[in-house]
Every structure is written in structure tokens, then in C-alpha cells.
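Below: one structure, written as C-alpha cells.
The values are calculated or read from the model by the stated rules, or taken from the named source; none is laboratory data. The structure presented is a predicted model; accordingly, all values stated were derived computationally and were not measured. Backbone-built Cβ (ideal geometry, glycine too); neighbour counts: all protein chains shown. Surface areas here come from the heavy atoms of the whole protein model, side chains and all, with no ligands, DNA or RNA. Shrake-Rupley method; radii C 1.70, N 1.55, O 1.52, S 1.80 Å.
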Amino acid sequence: MSFTLHGIGVSSGIAIGRAHLVSHAQLEVPHLEIPKAAVPQEQARFDAARDHVRTELEALSSHMPDKAPAEYEAFINVHRMILDDDMLAGEPRRLIATQFCNAEWALKQQMDALLAQFEAIEDPYLRERKTDVKQVVERVLAALLLDSASTAAISVPEEGSILVARDLSPADVILFKQHRFASFITDLGGTTSHTAIVARSLGIPSIVALHHARELVRENETLIVDGSHGVVIVNPDESVLAEYRLRQEEWDLERQKLRRLTTTRAATLDGTRIELHANIELPEDVVAARSSGAAGIGLFRTEFLYLNRRDLPSEDEQYEAYRSVAEAMEGLPVTIRTFDLGADKALETVERVAANPALGLRAIRLCLAEPQMFHGQLRAILRASVHGRVRILIPMLSSRQELTQTLAAIDLAKRSLDADRISYDPQVPVGGMIEIPAAALSLSTFTQRLDFLSIGTNDLIQYTLAIDRTDDAVSHLYDPLHPAVLQLVSGIIQSAHKAGKPVAVCGEMAGDVTLTRLLLGFGLRQFSMHPANLLEVKQAVLKSDLVDSAQIARRMLKTDDPEKLYGLLEKLNA
Ligand code: PEP
Ligand code: MG
């Protein structure tokens with residue numbers, strides 16, 4: 001039966017492929033059906049994996065160093081108890097027998113159920129134990145996945161398949177860079193969540209907030225994903241497939257045409273030069289940035305170097321990563337943002353329970369709370385500064401004290417490099433992200449002491465409108481055209497210009513081609529966006545008249561009537 005699902009398209013284009021269901025935050029866990037006759041064998045695999053983990057825990061306990069804190073022994077004992085508890089020992093065996101699924105999937109199902117129960121516990125100590133459950137399950141999963149005698153062949157999803165998930169973390173999505181999926185669709189998520197942002201960087205059509213896709217779609221069903229319109233067609237008939245294949249070809253042709261603009265200088269009709277920079281998450285993204293013709297890296301989200309791993313990247317590892325980008329950009333500016341960890345990009349090793357993660361220990365707050373980690377990163381960036389035109393960008397600044405502490409930390413990193421006789425660029429520019437309304441409203445604090453500014457509209461909108469950018473329940477309220485947002489963005493641009501400080505927009509607004517002329521009209525001359533959007537924005541810039549844009553943008557600032565606003569935006573883009 002064919003049916004259609006509607007969500008929010010976060011990355012445009014059309015994909016046609018077979019559905020591959022994945023479980024939340026556990027891309028590696030395959031979901032396989034097993035024949036009834038294979039149930040005892042699969043249960044035996046599961047038992048063997050648990051035995052393996054028990055031996056591992058025993059070995060850990062018997063090799064405990066003398067000086068190990070007493071809690072270590074207790075910690076291992078808790079893990080042993082969890083491993084042998086019926087909730088993890090018995091229930092997955094029953095699921096294998098009733099659902100005819102592989103052991104990994106059964107275990108993952110049971111873990112999800114248990115974690116949901118833990119969430120509902122009020123006692124913070126007991127709630128924290130969910131971390132232990134997760135760790136034990138991960139150990140058993142690792143043992144299962146490494147098990148070469150596996151009866152159920154572990155399938156790597158076919159190239160070109162479409163991932164269907166309830167939710168994916170940014171860390172999950174970044175793993176997609178190593179696979180060749182055609183698209184992904186999720187039940188949860190908002191348009192400017194980091195998950196959506198990474199999806200855009202992959203340049204594959206993606207849709208979030210579908211609500212029931214994970215339940216309604218079956219493994220291997222044919223799907224059409226129309227990322228431009230937020231529509232998924234499940235089991236389309238031949239005529240619909242033919243129609244979408246045609247649209248897909250047209251889309252590809254459009255993209256090819258855009259490629260002709262790669263080396264064209266970005267300037268408006270009157271010849272004003274506009275700088276179009278690229279946002280990247282990993283050093284290898286620099287290839288896409290270069291081939292899009294970006295005039296620099298406007299935002300390197302370095303926190304992605306810290307995700308999907310249990311250890312922290314060393315100073316040397318980070319230095320190599322930053323150096324490779326600086327060198328690949330051959331003298332073009334490379335803006336390295338210090339890690340913006342926390343909230344939806346939490347470290348695997350630091351399990352903090354925050355009631356409101358977006359308002360919690362995130363970005364510069366976390367950097368300042370973890371001085372050792374911050375120091376290592378600052379040294380790595382400074383060391384890389386001799387290999388190109390490196391700039392340091394600080395996320396989520398909100399106050400003068402934070403700025404003072406940050407500048408002192410940079411100074412300390414410089415002094416330590418001096419002491420080690422390691423060279424760096426002493427004039428390396430330091431900029432700040434303006435993404436908290438408090439910073440936007442006290443801009444002179446930042447223009448006085450920083451070399452440049454970059455407006456993070458994703459967070460600026462989140463914090464101005466009090467809308468969690470990851471929560472699809474409120475995503476319809478997330479509005480870049482809200483009068484308060486427009487006032488703040490145009491105000492920041494004007495104040496920065498008055499103070500003589502360069503200002504860019506590096507949030508998703510910069511890559512939204514329907515907003516290009518509006519931002520030009522506000523006076524913006526530097527944009528930073530995912531390479532996938534750059535040529536389309538360049539095309540809009542080339543056709544823009546600055547005088548007209550400024551005039552309509554001024555009118556847009558004077559109205560709070562959404563209908564009028566959209567009417568003016570249409571006029572601006574005509
Ligand atoms: C922003 O907030 O607009 C931004 C660019 O930073 P991030 O999306 O990584 O929070
Ligand atoms: Mg931000």
C-alpha cells in the first residue's frame with residue numbers, strides 16, 4: 001500500500017531508495033529477521049556475548065591497581081549485577097524468541113525500554129544509573145558485533161539506502177560521512193538542530209519531524225524522499241516513481257548548472273564584493289569547501305572532533321586537524337571555533353544531566369569550566385596559525401567577565417607556547433559569536449575587545465524566541481522573520497559596522513537563499529554557510545541590487561504583520 005508522510009524538509013533534493021531502519025543513537029545495530037529455527041542459536045550468541053563481558057569485568061576487577069579508588073570496585077560490581085539482572089539477561093532472549101530478531105536488536109530494544117523507565121525516576125542517584133546500563137549494554141553489543149561466528153550476517157546497509165530513525169544525534173549523522181546513504185528521515189528534530197545542519201552538509205535530501213515514520217515504514221520498502229517539500233512517499237506506484245525520477249534529473253541538472261559559478265567573483269549588480277565562506281564540521285569537509293569556491297572557512301565546528309569517541313583528542317591530533325585545513329585553504333581565512341560542546345553535542349565520556357541543556361554548561365561556558373581541555377585546544381589552534389590565515393572564534397559569549405576570562409585563557413596559551421619555544425601568529429584575530437540576545441544587546445562590550453564578530457542566528461533565534469531548536473513540537477514557532485530577530489540581526493550588523501569591526505552571519509540564515517537579499521539589505525557583506533548552499537547563494541548575490549534590497553529591508557523592519565513581511569520578502573526576491 002502506498003502512503004505519504006509529511007515532515008520538515010531540512011535538506012533539499014530528491015532521493016529514491018530502499019528503507020533501512022536504524023535504532024536511536026546506535027547506527028551500528030542492525031535489525032535483522034531470523035528464521036524460527038535460528039532462535040536457539042541466536043540466544044546462544046547472546047549468552048556467549050554476556051559470558052564474554054563477565055570475563056572482561058572479572059579481569060578488570062582482578063587487575064585493579066593498588067591505588068585505584070574504592071569506588072572502582074563498586075562500579076564494576078554494579079556492572080556485574082546489571083549484566084546478570086533478568087532485565088538484561090532474560091528479556092532480550094525472550095524478544096529474540098517472540099520477535100524473531102537478531103540478538104543486537106533485541107538488546108537494543110530492551111535498553112531503550114529501560115532507559116525510558118530510568119528517565120521517569122525522580123531520585124537523581126537512581127536516574128544516573130542509566131549510564132551504567134548503557135555502558136553494560138555497549139559492552140555486550142561490542143562483543144556481539146565482534147563475534148565472527150555470528151549466525152545472523154551483519155549487513156552493512158546497501159549503498160543508496162534511506163535511513164529511517166526515530167531520532168539521530170549529530171554524532172550519529174557525522175558517521176554518515178563514511179557511508180553512502182541516499183537520505184535520512186527521522187520522527188523527531190527541528191530545522192536548525194545540529195542533526196539537520198550536519199545533514200545539510202552531507203548534501204543529501206533529509207526530512208525531520210515525521211512523527212510516525214519509524215513505526216509505519218518497513219525494512220526494504222521503496223521510499224521517495226522529497227527534501228525540498230518535506231514529503232516521504234512510501235511504496236510509490238510506477239507512475240509516481242517515474243514522475244520523481246524526472247524531478248530528480250531536473251534537480252541534478254540545476255546543480256550542475258550552478259557549478260559554472262564556482263570561480264565567478266561574488267559581487268552584487270553594482271560590483272560590491274560579497275564574501276561567501278564555508279561552514280565545516282570535519283577537516284575532510286575542506287574539499288567540499290574548496291570545490292564550492294568558498295573564499296574562506298567562516299566556521300569550523302571543531303566540537304565534531306570530540307564526538308563518537310571515548311577519549312579526548314590530544315593537542316597534537318587537534319593541531320594536525322587545524323593545520324591540514326589551514327594548509328588546504330592556501331592563505332584564505334580559516335575561522336576555527338573553539339569547541340561548542342554540551343546540549344545536543346555532549347561528550348560520550350561526560351554524562352551530565354541538565355534540566356535545560358541548551359541553557360546549561362555549553363560552548364564557552366564548558367570551555368571555561370574545563371580549563372585543561374580548553375588550553376589544549378587553544379595551543380593547537382595557535383600552533384596551526386603559522387600554516388595559514390587562522391582566526392579564533394568563541395561561541396556563545398554573553399558577558400564581559402566571560403570575555404575577559406576567554407582572552408586571558410588565550411593569553412595563557414600563548415605564554416605557554418612561548419615558554420616551549422613553539423611558534424604561532426601573535427596577531428591571530430579573535431572573534432566572538434553573537435548568538436545570545438544579551439550579547440546582541442550589549443554589543444559594544446564585544447566590539448571593543450574583539451577583532452571580528454559572527455552572528456549565530458540558529459542560537460540567536462532559539463534564545464530570542466525561547467524555542468528549543470531540537471524540539472519538533474515547537475519548531476513551527478522557530479521563525480527567522482520574527483520582528484525581534486530581524487531587529488537584532490540588523491542591529492548587530494549596523495553596530496559592528498559603526499565600530500569598524502567585520503561581521504558575518506554563520507547560522508543557517510546565511511545559507512537560506514530566500515534571505516540573501518534581506519541580509520544584504522541589512523548591510524551584511526560576509527556570509528558563511530554549508531558548501532552545498534554556497535553556489536545558490538552566490539547566484540542570488542550576482543542578481544542583487546543593494547539599493548533596492550536596503551530599501552525593502554528597511555520597510556521589513558518597520559512592520560510586525562507577518563503577511564506584510566512575507567509580501568515584502570517576496571517583492572525583495574522577485
Ligand atoms: C549558530 O548558532 O547559528 C551557529 C552557527 O552555531 P551552531 O549552529 O553550531 O550552534
Ligand atoms: Mg550556535
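A few points about this structure:
- Entry remark, segment 311-321: residues being open to solvent by 40 Å² or more (accessible area, probe 1.4 Å) and of a type in the set (A, V, I, L, M) number 1 in total.
- Identity of the residue in segment 351-376, open to solvent by less than 10 Å² (accessible area, probe 1.4 Å) and either over 18 Å from the mean Cα position of the chain (by Cα) or closer than 17 Å to Thr470 by Cβ (or both), that ends up modelled with the lowest pLDDT: Arg362
- Search result, residues across segment 556-574 that are under 23 Å from Ala484 (Cβ atoms) and without any contact (Cβ under 8 Å) to a residue 40 or more places away in the chain: Lys558, Asp561, Glu563, Lys564, Gly567, Leu568, Glu570, Lys571
- Exactly one residue out of Leu407, Leu417, Leu393, Leu450 is away from ligand 2 (no atom under 13 Å from the Cβ) and buried (at least 19 other Cβ atoms within 10 Å of the Cβ), and it is Leu450.
- Breaking point among (1) open to solvent by less than 10 Å² (accessible area, probe 1.4 Å); (2) within 15 Å of ligand 2 (Cβ to nearest atom), for Ala343: (1)
- Entirely in segment 192-306, the helices (runs of 4 or more DSSP H) that have 2 or more residues that are over 30 Å from Met433 (Cα atoms), away from ligand 1 (no atom under 16 Å from the Cβ) and of a type in the set (Asp, Glu): 238-258
- Residue tally, condition more than 12 Å from ligand 1 (Cβ to nearest atom), of a type in the set (Asp, Glu) and in contact with a helix residue (DSSP H, G or I) (Cβ under 7 Å, 6 or more places away or on another chain), over segment 326-344: 1
- For Asp512: the one exception among (1) out of contact with any strand residue (DSSP E or B) (no Cβ under 7 Å at 6 or more places or on another chain); (2) open to solvent by less than 40 Å² (accessible area, probe 1.4 Å); (3) under 27 Å from Leu202 (Cα atoms): (2)
- In a residue-by-residue description of segment 426-433, the property of being more than 16 Å from ligand 2 (Cβ to nearest atom) and part of a helix (DSSP H, G or I) applies to no position.
- Candidate set from segment 286-310 (those that are within 16 Å of Thr335 (Cβ to Cβ) and open to solvent by 20 Å² or more (accessible area, probe 1.4 Å)); member that is nearest to ligand 2 (Cβ to nearest atom): Leu305
- The condition of being open to solvent by 50 Å² or more (accessible area, probe 1.4 Å), of a type in the set (D, E, K, R) and away from ligand 1 (no atom under 16 Å from the Cβ) holds for only one of Arg400, Arg379, that being Arg400.
- Single residue of Val547, Val541, Val537 found to be open to solvent by 50 Å² or more (accessible area, probe 1.4 Å) and hydrophobic (A, V, I, L, M, F, W, C): Val547
- Residues that are within 16 Å of ligand 1 (Cβ to nearest atom) and either surrounded by fewer than 21 Cβ atoms within 10 Å (Cβ to Cβ) or farther than 10 Å from Lys501 by Cβ (or both), drawn from segment 435-447: Glu435, Ile436, Pro437, Ala438, Ala439, Ala440
- Enumeration of residues in segment 322-340 that are open to solvent by 10 Å² or more (accessible area, probe 1.4 Å) and hydroxyl-bearing (Ser, Thr, Tyr): Ser324
- Matching residues, segment 329-350, being in contact with a Lys or Arg (Cβ under 7 Å, 6 or more places away or on another chain), more than 21 Å from Leu397 (Cα to Cα) and modelled with pLDDT of 95 or more: Gly331, Leu332, Pro333
- Counting only residues that are of a type in the set (S, T, N, Q), touching a helix residue (DSSP H, G or I) at 6+ places or on another chain (Cβ under 9 Å) and touching a residue at least 60 places away in the same chain (Cβ under 8 Å), segment 35-61 holds 1 of them.
- Unique match (being modelled with pLDDT under 80, among the hydroxyl-bearing types (Ser, Thr, Tyr) and closer than 24 Å to Asp340 by Cβ) among Ser201, Ser155, Ser150: Ser201
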